[in-house]
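Just so you know, all these numbers are worked out from the coordinates, no wet-lab data involved. Since this is a predicted model, take the numbers as computed values, not measurements. Note that each Cβ is placed from the backbone with ideal geometry, even for glycine, and that neighbours are counted across all protein chains shown.
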Amino acid sequence: MGRSVEMERRILAYVAVLVAEKDAEPDLAQIETAVGAELARFKHPRWMITLDALPRNTMGKVQKNVLRETYGDIFMQSESAGQA
């Protein structure tokens, strides 16, 4: 509650896509187009990561903390590099 550091929120999308063909990659441009048709511009993710599957707990819920721990540092580094 008493954080002195101002935090800015960024949107990150984790994309787990079922691909019909073996070894095929999801088309991120097509996903961006679909997002653009459904969401306001300010809600578009700044980054998208493709995963084979989202990490889930035994109850089937997505483990957001695992995603943050695994990929969060990557985006913090890219943000600070862009500001330098």
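Points worth noting:
- Thr50 sits among other residues whose Cβ lies under 11 Å from its own Cβ, and their net charge, with Lys and Arg +1 and Asp and Glu -1, is -3.
- Net charge of Cβ neighbours under 13 Å - reference Val35; Lys, Arg +1; Asp, Glu -1: 0
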